[in-house]
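Have a look at the structure below before the remarks.
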Amino acid sequence: MLRVRILRGRGFRREFFEEFYAAQGPDAWSYARNAYNQRRFEFIVAAIPPGPVGRALEIGCAEGQMTAHLARRAVSVVGVDIVEEAVRRARENCAGLANVALLAQDVRDGLPPGSFDAAVCSDVLYYLSRPELRTLLARLARAIRAGGSLVASEYSLGTARLPSRIGDVVRLCAASPDWSLIRESSLALQADGEGIRVAVFRRAPPEAR
């Protein structure tokens with residue numbers, strides 16, 4: 001049912017996630033309960049190419065568990081999530097981090113104002129339809145400065161039960177003059193080999209486009 005919805009071109013609505021957070025309570029995605037997620041967050045943040053990161057954007061920040069890792073890599077972080085309750089919990093979890101700003105926002109309606117040196121999309125892109133993904137990538141191309149980076153990550157499909165979006169991101173970025181693929185990598189987190197897949201892209205400078 002979830003897969004059919006995505007393939008028909010309709011991404012998940014805000015109400016789906018609001019009901020999810022209401023039903024699950026704190027630590028809705030078990031990010032804090034499962035110790036391997038610390039390795040996961042470290043791996044994703046470490047995928048950002050070397051060099052200073054002034055302002056970073058995290059799309060789908062959930063309850064802020066990875067936001068705290070990203071805050072150690074960037075001078076400032078803007079985290080957005082579609083659900084107000086998720087953002088409220090993220091603010092609690094990141095209360096001591098002065099360089100973090102958290103917003104309740106649907107990125108399908110637009111991105112936070114200003115430019116960014118890096119953007120991280122972890123476990124969020126498979127909730128978008130392909131047209132929504134294409135629009136988001138175009139917006140990110142306008143928001144990320146030339147030479148900046150985009151890190152896209154998702155958990156393996158055995159757990160997610162949703163169609164992969166990393167392959168779609170790679171294909172769309174390959175067809176666009178705005179992006180170049182730096183690398184793809186993976187990290188096994190379970191004994192059966194399940195884990196995460198990460199793709200890293202660089203925002204092309206004007207002369208390269």
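Looking at the range 164-209, which of the residues that are among the aliphatic types (A, V, I, L, M) and touching a Gly at 6+ places or on another chain (Cβ under 8 Å) is surrounded by the fewest Cβ atoms within 10 Å (Cβ to Cβ)? Full working, then the answer.
Start the filter on the range 164-209 by keeping residues that are among the aliphatic types (A, V, I, L, M), which leaves 166, 169-170, 172, 174-175, 181-182, 187-189, 191, 196, 198-200, 204, 208.
Okay, now just the ones that are also touching a Gly at 6+ places or on another chain (Cβ under 8 Å), so 187-189.
Numbers: Leu187: 16, Ala188: 12, Leu189: 20.
Once the filter is applied, the top-ranked residue is Ala188.
Look at the range 14-33 and say how many of its residues are surrounded by 13 or more Cβ atoms within 10 Å (Cβ to Cβ) and in a loop (DSSP other than H, G, I, E, B). Quick ask: steps written out before the conclusion?
Within the range 14-33, the subset surrounded by 13 or more Cβ atoms within 10 Å (Cβ to Cβ) is 14, 16-18, 20-21, 27-29, 31-32.
Those still in the list that are in a loop (DSSP other than H, G, I, E, B) too: 27-29, 31-32.
Of the residues in the range 14-33, 5 are surrounded by 13 or more Cβ atoms within 10 Å (Cβ to Cβ) and in a loop (DSSP other than H, G, I, E, B).
Which of the residues spanning the range 136-150 are in contact with a Phe, Trp or Tyr (Cβ under 8 Å, 6 or more places away or on another chain) and more than 11 Å from Ser176 (Cβ to Cβ)? Quick ask: steps written out before the conclusion?
Within the range 136-150, the first condition is being in contact with a Phe, Trp or Tyr (Cβ under 8 Å, 6 or more places away or on another chain), and the residues that meet it are 137, 141, 143-145, 148-150.
Within the range 136-150, Ala143, Ile144, Arg145, Gly148, Ser149, Leu150 qualify.
Go through the range 55-79 and give me each residue that's assigned to a strand (DSSP E or B) and either buried (at least 22 other Cβ atoms within 10 Å of the Cβ) or touching a residue at least 40 places away in the same chain (Cβ under 8 Å) (or both).
So the first thing to find is which residues in the range 55-79 are assigned to a strand (DSSP E or B), and the list is 55-59, 76-79.
Within the range 55-79, Arg55, Ala56, Leu57, Glu58, Ile59, Val77, Val78, Gly79 meet the criteria.
Among the residues of the range 154-182, how many are modelled with pLDDT under 95 and part of a strand (DSSP E or B)?
2
Could you look through the range 34-54, keep only residues that are among the hydrophobic types (A, V, I, L, M, F, W, C) and in a loop (DSSP other than H, G, I, E, B), and pick out the one that is farthest from Val100 (Cα to Cα)?
Only one residue fits best here, namely Ala35.
Out of all the residues in the range 80-95, which are free of Cβ contacts under 8 Å to residues at least 60 places away in the same chain and among the hydrophobic types (A, V, I, L, M, F, W, C)?
Of everything in the range 80-95, those that are free of Cβ contacts under 8 Å to residues at least 60 places away in the same chain and among the hydrophobic types (A, V, I, L, M, F, W, C) turn out to be Val80, Val87, Ala90, Cys94, Ala95.
List every residue pair whose Cβ atoms lie under 8 Å apart, where the two residues are 6 or more positions apart in sequence or sit on different chains, the first residue falls within the range 9-34 and is at positive phi, and the second residue, located anywhere, is surrounded by 14 or more Cβ atoms within 10 Å (Cβ to Cβ) and assigned to a helix (DSSP H, G or I).
Gly9/Arg130; Ser30/Asn37
The values are calculated or read from the model by the stated rules, or taken from the named source; none is laboratory data. The structure presented is a predicted model; accordingly, all values stated were derived computationally and were not measured. All Cβ positions, even for glycine, are placed from backbone atoms using ideal geometry, and neighbour counts span all protein chains on display.
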